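Down below is the structure, laid out as structure tokens.
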Amino acid sequence: MSEVRLRGFPSGERAVPYWSSQARAQRAAHVWGGSLRAVSLSLETWRTEELPTLADPGFLVRTNWTGPRLVGWDFTVSEVLNRPTDALEEDLG
């Protein structure tokens, strides 16, 4: 499984978008246009290298935004990193 991120956003943005597939990221790049491009990375790299760099400056993680207006969900880094653990605890609870 890979996470896909679009690069090319202005440095002042407060949320960094990620998509769960190359196809979704490419559709979003087409909607937003400009110099955006999809970049694949492993889930492990995303969790251990990418996400921690977003926490200190307070960026949100924008996941799987879709549609002509690119709407979806924003989460804190902590919420994203703890989500798999929370889901497992709910299943086992």
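Please give, to one decimal in nm, the separation of the simple spin-label points placed at His30 and Leu43, each 7 Å out from Cα toward the Cβ.
Label-label distance for His30 and Leu43, simple model: 2.7 nm.
Report the extension gain between Gln22 and Val71 in nm, rounded to one decimal, defined as 0.36 nm multiplied by the number of residues separating them, less their alpha carbon distance. If you can, show how the numbers build up before the last one.
On the way: separation 49, 0.36 × 49 = 17.64 nm, distance 1.76 nm.
In short, 15.9 nm is gained.
For Phe75, what accessible area in Å² do you get when you roll a 1.4 Å probe over the heavy atoms of the protein chains, rounding to the nearest 10?
Surface open to solvent at Phe75 totals about 70 Å².
The values are calculated or read from the model by the stated rules, or taken from the named source; none is laboratory data. Please read all numbers here as calculations on a predicted model, not as lab measurements. As a convention, Cβ positions derive from the backbone with ideal geometry for all residues, glycine included, and neighbour counts pool all protein chains shown. We work out accessible area using only protein heavy atoms, side chains counted, and drop any ligands, DNA or RNA first. Shrake-Rupley method; radii C 1.70, N 1.55, O 1.52, S 1.80 Å.
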